[in-house]
Amino acid sequence: MIYIGIDPGTKTGFAVWDSDKKEFETIKTLSFWEAYDMVMAHCFESDVCEKETTFVIEVPARFMYGSKRGNTRTLINIATKYGGTIREAELMAERIESLGFEVLRVRPSRS
């Protein structure tokens with residue numbers, strides 16, 4: 001079983017885990033479009049997706065910053081970036097699902 005993890009953001013985390021070998025095959029930090037290209041390459045230009053593949057995408061659920069964390073301009077900038085991350089995650093998840101793959105949407109951990 002192959003798991004491909006994607007953590008969208010200003011810099012997008014991308015990892016490929018082979019559960020049979022119990023090791024990461026790929027761990028990279030990419031742009032959104034580079035991550036998209038990696039998904040396409042892994043699924044259509046290699047044998048990775050010939051095995052059963054599940055995608056795991058981190059999708060923030062809601063804005064996590066309280067109103068006391070900065071001035072209005074700072075909060076607007078944070079909210080804008082946060083909203084962009086949510087949209088990128090959903091776009092990636094929707095595209096992968098449209099290709100017939102299972103996508104697990106997970107919330108960020110608070111560790």
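Counting only residues that are open to solvent by 20 Å² or more (accessible area, probe 1.4 Å) and either in contact (Cβ under 8 Å) with a residue 40 or more places away in the chain or not in a helix (DSSP H, G or I) (or both), how many does the range 27-42 have?
Pass one, the range 27-42, residues open to solvent by 20 Å² or more (accessible area, probe 1.4 Å): 27-34, 36-38, 40-42.
If we keep only those that are either in contact (Cβ under 8 Å) with a residue 40 or more places away in the chain or not in a helix (DSSP H, G or I) (or both) as well, we get 27-32, 36.
The total comes to 7.
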Next item on the list: Pairs only if they're at least six apart or on different chains, beta carbon under 9 angstrom, first in the range 92-103 and within 16 Å of E58 (Cβ to Cβ), second open to solvent by 40 Å² or more (accessible area, probe 1.4 Å) and basic (K, R); list them, first residue then second.
Entry: A93/R105
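Would you call E23 at pLDDT 95 or above, more than 14 Å from the chain's Cα centre (by Cα) and of a type outside the set (G, A, S)? Step through it out loud before you land on a result.
Numbers: at pLDDT 95 or above: yes; more than 14 Å from the chain's Cα centre (by Cα): yes; of a type outside the set (G, A, S): yes.
Considered against the rule, which asks whether it is at pLDDT 95 or above, more than 14 Å from the chain's Cα centre (by Cα) and of a type outside the set (G, A, S), E23 comes out as yes.
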Checklist line | Search result, residues across the range 1-20 that are modelled with pLDDT of 85 or more and outside any strand (DSSP E or B) | finding: M1, P8, K11, S19, D20
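Does the range 75-86 include one or more residues that are part of a helix (DSSP H, G or I) and modelled with pLDDT of 85 or more?
The initial filter retains those residues of the range 75-86 that are part of a helix (DSSP H, G or I), namely 75-86.
Now drop any that are not modelled with pLDDT of 85 or more, which leaves 86.
Yes, the range 75-86 contains at least one residue that is part of a helix (DSSP H, G or I) and modelled with pLDDT of 85 or more.
The values are calculated or read from the model by the stated rules, or taken from the named source; none is laboratory data. Owing to the predicted nature of the structure, the values given are computational and were not obtained by experimental measurement. So basically every Cβ, Gly included, is an ideal-geometry build from the backbone, and we count neighbours across all protein chains shown. Remember, those area values only see protein heavy atoms, side chains included, never the ligands or the DNA or RNA. Shrake-Rupley method; radii C 1.70, N 1.55, O 1.52, S 1.80 Å.
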